[in-house]
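Just below is one structure, and these are the notes that go with it.
The values are calculated or read from the model by the stated rules, or taken from the named source; none is laboratory data. Note that the structure is a prediction, hence the values are computed from the model and not measured. Note that we place each Cβ from the backbone using ideal geometry, even for glycine, and neighbour counts take in every protein chain shown. These accessible areas exclude ligands, DNA and RNA; they are computed on the full protein's heavy atoms, side chains included. Shrake-Rupley method; radii C 1.70, N 1.55, O 1.52, S 1.80 Å.
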Amino acid sequence: MPLLRVRTEIDDRPGRLAVLTAALAAQGANILDLSVQVDTDGVVDEFVVDVPTRTTAEALSIAVAAAAGRRTSVVPATPHELIDEPSRALSLAVRLRSNPRALPEILAELLRADSAEWVAGPAALDEQPDPAAITVSVGHLRGVLLHRKGLPFTLTEIARANALVRSLLPAHGPAPTRRCLTLGDGTEITVRPLTLLDADAVRDLHARCSSESRRRRYFSARDDIPERLLRVFCDRAYGLTTAAEGPDGSILALAHLMYTLDPGVGELAFLVEDGWQGRGIGAALARRLLAVAHEQGLAEVRATMLADNSRMRALLDGLGGRFLRTDDPRLLDARIALGPDRTEALAPTRA
């Protein structure tokens, strides 16, 4: 008998699932698999059913709608889709461990997406207006864009995709504690890990920065920070983001050490408020993050920057960075090797 995948949204109320399964049974549908997913407007139920040859997808859609199902989709299914979701996700995680660069195709398989592709730069930050498209963050200014025609992604599916990405990233140690640094002019700043409680302060920082400073940081002069990216910055599975507080307690700079899919490699990025640039904050934060990277056993840190970002280039050059051209003439890559011989150089110093 034909196999069909039925997905529909119902109200999260007692008895609604029973009404829905009864409607499917009335059409001769035998339920072989069921998953329940949470979404913004209710619960999404997904079934794999086999049906009599005479039962059409249109007939099932009508029956589900009569049982108060909304935004229903009925598409053909195959026998290999009957593996339970936990087993399927674990097998994909094993495949991903052996071939991290296959992340787009594995995410597409996990979410049964029609297409998946790497995106970088500003495109990795944009929230997708189409519910049938999502961008899964994979660190700093990098992600995977997935499309699935006619079948919006649920919050449960997005959580699964994010969990799969986190499973690939290296284990992290404890977050560094709060500490004070003294700048060359005697000003004391406090450096600590960023948390979600800092969301408003981070937005204020972005609003105070000039469009040029934001362009150098994000490769576009965006005046906000997407909620999704803020959560990545605060999730230790993706790396470490530190905030620098000025004497008045406001956040005046952010520094990121983000993990990458390349084993033993981290990525650096910085945003410093215009009025505080040129006072040694970037160098102090960079030395701090390089020390953390060394403690965590990373072999190399990298940074991608706009080729005209002379301030960033001078900072990384002073830390021993090697500069490489990229396929994009607007961008440069900087690479800093971390080894036992650099331990002394990375020790905290006066900024």
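Restricting Arg215, Arg231 to those that are surrounded by fewer than 18 Cβ atoms within 10 Å (Cβ to Cβ), more than 11 Å from the chain's Cα centre (by Cα) and assigned to a helix (DSSP H, G or I) reduces the list to Arg215. Mind listing whichever residues of region 1-24 are of a type outside the set (S, T, N, Q), under 19 Å from Leu82 (Cβ atoms) and out of contact with any helix residue (DSSP H, G or I) (no Cβ under 8 Å at 6 or more places or on another chain)? Across region 1-24, the qualifying residues are Met1, Pro2, Arg7.
Pairs meeting the criteria (first residue in region 9-26 and surrounded by fewer than 17 Cβ atoms within 10 Å (Cβ to Cβ), second residue charged (D, E, K, R), beta carbons under 7 Å, at least 6 apart or on different chains) are Leu17/Asp45. A residue that is without any contact (Cβ under 8 Å) to a residue 40 or more places away in the chain, assigned to a strand (DSSP E or B) and open to solvent by 60 Å² or more (accessible area, probe 1.4 Å) occurs nowhere in region 46-66.
Residue count for region 71-126 under the criterion of being open to solvent by 60 Å² or more (accessible area, probe 1.4 Å), of a type in the set (A, V, I, L, M, F, W, C), free of Cβ contacts under 8 Å to residues at least 40 places away in the same chain and part of a helix (DSSP H, G or I): the result is 2. The residue that is nearest to Glu157 (Cα to Cα), counting only those in region 27-42 that are open to solvent by 20 Å² or more (accessible area, probe 1.4 Å) and without any contact (Cβ under 8 Å) to a residue 40 or more places away in the chain, is Val36.
Among the residues of region 234-256, the ones that are hydrophobic (A, V, I, L, M, F, W, C), modelled with pLDDT under 95 and crowded, with 23+ Cβ neighbours inside 10 Å come to 1 in all.
For region 270-301, which positions are closer than 18 Å to Arg208 by Cβ, open to solvent by less than 20 Å² (accessible area, probe 1.4 Å) and within 24 Å of the chain's Cα centre (by Cα)?
Correct list: Leu271, Leu285.
With respect to the stated conditions, Arg179 fails to be open to solvent by 50 Å² or more (accessible area, probe 1.4 Å) and out of contact with any Lys or Arg (no Cβ under 9 Å at 6 or more places or on another chain).
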